[in-house]
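Asks: Have a look at this one.
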Ligand code: SF4
Ligand code: SF4
């Protein structure tokens, strides 16, 4: 409803909820309830300055804005613009809750766990390690073609209105069931094409089983590949080992080089899991990017209970953040020259900021994305696959809407009261459901053990965003479509 001039004149204003930051010589507000970034100029800076001393009436503000050269009508316009963006709010303003996703939100991504078997025994693995949530007893270890086809049909049925959907192959080690992967690609392409639709494919692999023929198949079929790898041999081999304890680096490195060289249709990315003793982010990045030639490298600290030997302690996390800052600064320098840096943790956050993301849930789990295990059980995402406690139905019977909605209700930002005053919540929304379950035994608990870290990182990326939008704004356009790796 549009307010009348009399209604506007009767308002008393106060500051809205925002995080203020300075970058590239300009001042910005990150408007938290909207997840939007607002650049301040002289009059808006003056207005924020006045209201930071306390609330003020409409008329008083118009008078005060005359001192920075604003006519009464320009001051009215400015107040209305700032009011509409929620940078300033009326005295009695109650923030609107983040919009709920629609109950029948269509699927976008299916994560197909082709097998729960792996030929490595990485100590920290969430699937096989001490923190596993899976209960695979009595279930098949390898998915069969019928289950895979039914899963593809479920994705196509439950993604009405989407022309393009995504299948990502996962494991265990995905390539231990490569024959099935090939059949799924053929079936999914054919079925989607018959509906006038397309499917985009990707897979995550430990790279040990790559052969020239597999690389050629991935290239010809335009399948994106993410390799799980933890850096140079002395770091990678600490935990990424075969069952006999032998490190896997020497097997993986030549195969990765062949993949990067031989995959002609998609750039190859790497995902690093940081653990206690494997926190040398800059060195790991340089090796993976420069020595091996990955296009992008992303880092994630291990998801685990704090009492595991490989968990990173607080000091270790501070060290990781320091090194993230080094690469983030480098990322900014590249961006100001118009070049893309390969540190994907920055690229992913900049994309979310550019797209004005304001999350009700931390991720797409059970929303636009579901995981399916070899048994056909549906899970909120790949990390919950094969867990009876978290199953959301089976591909043969469909998604159990009651369980899905219960999971989404638990994970909604509205129930995470600690997050309600946090400026990082549009992007974080309480953090990973799986990590919350491992840490707190509740998928809907906010991951409060790393809030300082998340807020620091969000502020760092806001500063980068601000500096680019002040000095090389055209660079940001490429983030319109980017989805997190
Ligand atoms: S988990 Fe922490 S950092 Fe994330 S939104 Fe909640 S309070 Fe903020
Ligand atoms: S953030 Fe956590 S819950 Fe969400 S998709 Fe990733 S692993 Fe699953």
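The values are calculated or read from the model by the stated rules, or taken from the named source; none is laboratory data. Being a predicted model, the structure only gives us computed values, none of them experimental. Please note: Cβ atoms are built from the backbone with ideal geometry, for glycine as well, and neighbour counts cover all protein chains shown.
Asks: Can you find even one residue in the stretch 185-201 that is modelled with pLDDT of 95 or more, crowded, with 18+ Cβ neighbours inside 10 Å and in a strand (DSSP E or B)?
Replies: yes
Asks: Select the helices (runs of 4 or more DSSP H) contained entirely in the stretch 1-110, then report the ones holding at least 2 residues which are under 37 Å from the mean Cα position of the chain (by Cα) and either surrounded by 15 or more Cβ atoms within 10 Å (Cβ to Cβ) or touching a residue at least 24 places away in the same chain (Cβ under 8 Å) (or both).
Replies: In the stretch 1-110, 42-51, 72-84 are the helices (runs of 4 or more DSSP H) which contain 2 or more residues that are under 37 Å from the mean Cα position of the chain (by Cα) and either surrounded by 15 or more Cβ atoms within 10 Å (Cβ to Cβ) or touching a residue at least 24 places away in the same chain (Cβ under 8 Å) (or both).
Asks: So, in the stretch 447-485, of the ones that are in a loop (DSSP other than H, G, I, E, B) and within 18 Å of the chain's Cα centre (by Cα), which residue ends up surrounded by the most Cβ atoms within 10 Å (Cβ to Cβ)?
Replies: The extreme case among them is 447.
Asks: Residue check: is residue 298 modelled with pLDDT under 95 and either crowded, with 19+ Cβ neighbours inside 10 Å or in a loop (DSSP other than H, G, I, E, B) (or both)?
Replies: No; evaluated as a whole, the condition is false for this residue.
Asks: Taking the stretch 335-373 as the search range and keeping residues that are assigned to a loop (DSSP other than H, G, I, E, B) and within 16 Å of ligand 1 (Cβ to nearest atom), which one is farthest from residue 445 (Cα to Cα)?
Replies: 357
Asks: Would you point out the residue of the stretch 111-132, among those that are assigned to a loop (DSSP other than H, G, I, E, B) and in contact with a helix residue (DSSP H, G or I) (Cβ under 6 Å, 6 or more places away or on another chain), that is modelled with the highest pLDDT?
Replies: Selected residue: 114.
Asks: Answer with yes or no whether residue 181 is surrounded by 21 or more Cβ atoms within 10 Å (Cβ to Cβ) and assigned to a loop (DSSP other than H, G, I, E, B).
Replies: Taking the combined requirement at face value, the residue does not satisfy it.
Asks: Check the stretch 465-479 and report whether any residue there is within 14 Å of ligand 1 (Cβ to nearest atom) and in contact (Cβ under 8 Å) with a residue 12 or more places away in the chain.
Replies: no
Asks: A follow-up question, please. For residue 366, indicate whether it is within 16 Å of ligand 2 (Cβ to nearest atom), without any contact (Cβ under 8 Å) to a residue 24 or more places away in the chain and touching a strand residue (DSSP E or B) at 6+ places or on another chain (Cβ under 9 Å).
Replies: no
Asks: OK, next. Tell me which residues, restricted to the stretch 301-319, are in a helix (DSSP H, G or I) and without any contact (Cβ under 8 Å) to a residue 60 or more places away in the chain.
Replies: Of everything in the stretch 301-319, those that are in a helix (DSSP H, G or I) and without any contact (Cβ under 8 Å) to a residue 60 or more places away in the chain turn out to be 314, 315, 316, 318, 319.
Asks: On to the next question. Answer with yes or no whether residue 465 is away from ligand 2 (no atom under 16 Å from the Cβ) and either at pLDDT below 95 or touching a strand residue (DSSP E or B) at 6+ places or on another chain (Cβ under 9 Å) (or both).
Replies: Against the criterion (away from ligand 2 (no atom under 16 Å from the Cβ) and either at pLDDT below 95 or touching a strand residue (DSSP E or B) at 6+ places or on another chain (Cβ under 9 Å) (or both)), residue 465 qualifies.
Asks: If we scan the stretch 381-395, do we find a residue that is over 30 Å from residue 143 (Cα atoms) and in contact with a helix residue (DSSP H, G or I) (Cβ under 6 Å, 6 or more places away or on another chain)?
Replies: Scanning the stretch 381-395 turns up no residue that is over 30 Å from residue 143 (Cα atoms) and in contact with a helix residue (DSSP H, G or I) (Cβ under 6 Å, 6 or more places away or on another chain).
Asks: Residues of the stretch 219-245 being farther than 13 Å from residue 284 by Cα, at pLDDT 95 or above and not in a helix (DSSP H, G or I), which ones?
Replies: Listed by number, the residues that qualify are 221, 222, 223, 224, 225, 226, 227.
Asks: Spot the failing condition for residue 210; the list is (1) at negative phi; (2) surrounded by fewer than 20 Cβ atoms within 10 Å (Cβ to Cβ); (3) in a loop (DSSP other than H, G, I, E, B), and only one is missed.
Replies: Among (1) at negative phi; (2) surrounded by fewer than 20 Cβ atoms within 10 Å (Cβ to Cβ); (3) in a loop (DSSP other than H, G, I, E, B), the lone unmet condition for residue 210 is (2).
Asks: Moving to a separate point now. In the stretch 374-391, which residues are buried (at least 23 other Cβ atoms within 10 Å of the Cβ), modelled with pLDDT of 95 or more, within 14 Å of ligand 2 (Cβ to nearest atom) and part of a loop (DSSP other than H, G, I, E, B)?
Replies: Residue satisfying the conditions is 380 alone.
Asks: A further question follows. Just to check your reading of the model, which residue among 412, 405 is more than 15 Å from ligand 2 (Cβ to nearest atom), surrounded by fewer than 22 Cβ atoms within 10 Å (Cβ to Cβ) and under 19 Å from residue 436 (Cβ atoms)?
Replies: Among 412, 405, only 405 is more than 15 Å from ligand 2 (Cβ to nearest atom), surrounded by fewer than 22 Cβ atoms within 10 Å (Cβ to Cβ) and under 19 Å from residue 436 (Cβ atoms).
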